[in-house]
Amino acid sequence: MCDHHNHAHHHDHDHDHDHDHDHDHDHGHDHGHDHGHDHHHHHPHLHAVPQRGPGLKIAITGKGGVGKTTFASLLCRAFANDGARVLAVDADPDANLAAALGIPAERAAELQPVARMKELAEERTGASGGYGSFFKLNPKVSDLPEQFCLEQDGIRFLWMGTLEQGGGGCACPESTLVKRLMGHLLLERDEVVVMDMEAGLEHLGRRTAESVDALVVVVEPGQRSLQTARQITRLAADLGIDEVFVVGSKIRDDDDRRLVEEEIPQRQLLGTISFCEEVRRADRENRAPDRLSAQALREVRAIKDRMLALRGNAK
């Protein structure tokens, strides 16, 4: 319904790629009358985020209830404890990452997901007439992480949210803003980005997916969960994600560990996290699991180190 072609005729090559390699957000409109904006090609937002070397982009997925968000929060803490700049992004509709990072409920209650910021989406895309109106496919998003993130114990948190009604194919301002922001986080940020995602990969377009350095599927010791990991691995391969890893969660005994190790190729398995009463208590008390379970943090630090070693060997 929406006519996408009247407003960004210099960006036709972006239309299938989630618009995530736009360097100057609006420069398609300025061809032929240069306003001296060439410096925008150098990603001005990076100047506010000093960081040595390229960033690392990790997407974490898995069915609900497997311990995915607990793992995401512990991975953020493991990187932050090693001195990395970490941006934690909650792109799961359940939105539990803030609590798992130890952000107090009263602070988290002040947050609104970017996906539901209708006025912001309309302002950034230039949409004015609602559904069917013309709007830009490459809105400026580089300032949004700084504008809408909270910092907790050295980790910055951004609530991305998800689109209502599964709106993956919806050509609306909110969808455009979320996809552009997803592309910016994964393609242009120069820091460790840990993205807690829902089980499907529908909201990752090919260009955005290809920029994921590692996709980590969290599973529990059971055939349904392991089957999900196999399905996600196939989906990821179709999208061009080369590095798909698996982490076994809620491991209670040797039988659990053996099941995961037998079903997942050794090269793909990063390690396992033991079932832990302290982690359950952290969930009940709305506290960060790393504060209550030194063991869980140790296990995730080992998983992080193995992931980095495997990625390094693959290059």
Counted residues in the stretch 228-260 being of a type in the set (S, T, N, Q) and within 11 Å of VAL218 (Cα to Cα) come to 2
Per the filter on the stretch 240-263, residues open to solvent by 20 Å² or more (accessible area, probe 1.4 Å), in contact with a Ser or Thr (Cβ under 7 Å, 6 or more places away or on another chain) and in contact (Cβ under 8 Å) with a residue 40 or more places away in the chain are none
Note on the stretch 203-240: residues modelled with pLDDT of 95 or more, in contact with a Lys or Arg (Cβ under 7 Å, 6 or more places away or on another chain) and part of a strand (DSSP E or B) are VAL218
Reported set for the stretch 264-297 where residues are assigned to a helix (DSSP H, G or I), acidic (Asp, Glu) and open to solvent by 60 Å² or more (accessible area, probe 1.4 Å) is GLU277, GLU278, ASP283
With the condition kept exactly as written, say whether any residue in the stretch 230-238 is open to solvent by 20 Å² or more (accessible area, probe 1.4 Å) and in contact (Cβ under 8 Å) with a residue 40 or more places away in the chain. no
Subset of the stretch 269-306, residues in contact with a Phe, Trp or Tyr (Cβ under 8 Å, 6 or more places away or on another chain) and at pLDDT below 95, comes to none
It is to be established whether one or more residues within the stretch 82-91 are within 17 Å of LEU308 (Cα to Cα), open to solvent by less than 10 Å² (accessible area, probe 1.4 Å), modelled with pLDDT of 95 or more and not in a strand (DSSP E or B). no
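The values are calculated or read from the model by the stated rules, or taken from the named source; none is laboratory data. Just so you know, these numbers come straight off a predicted model, no measurement behind them. Using ideal geometry, Cβ is built from the backbone for each residue, glycine included, and neighbour counts are taken over all protein chains shown. Note: accessible area is taken over every heavy atom of the protein model, side chains too, but ligands, DNA and RNA are not part of it. Shrake-Rupley method; radii C 1.70, N 1.55, O 1.52, S 1.80 Å.
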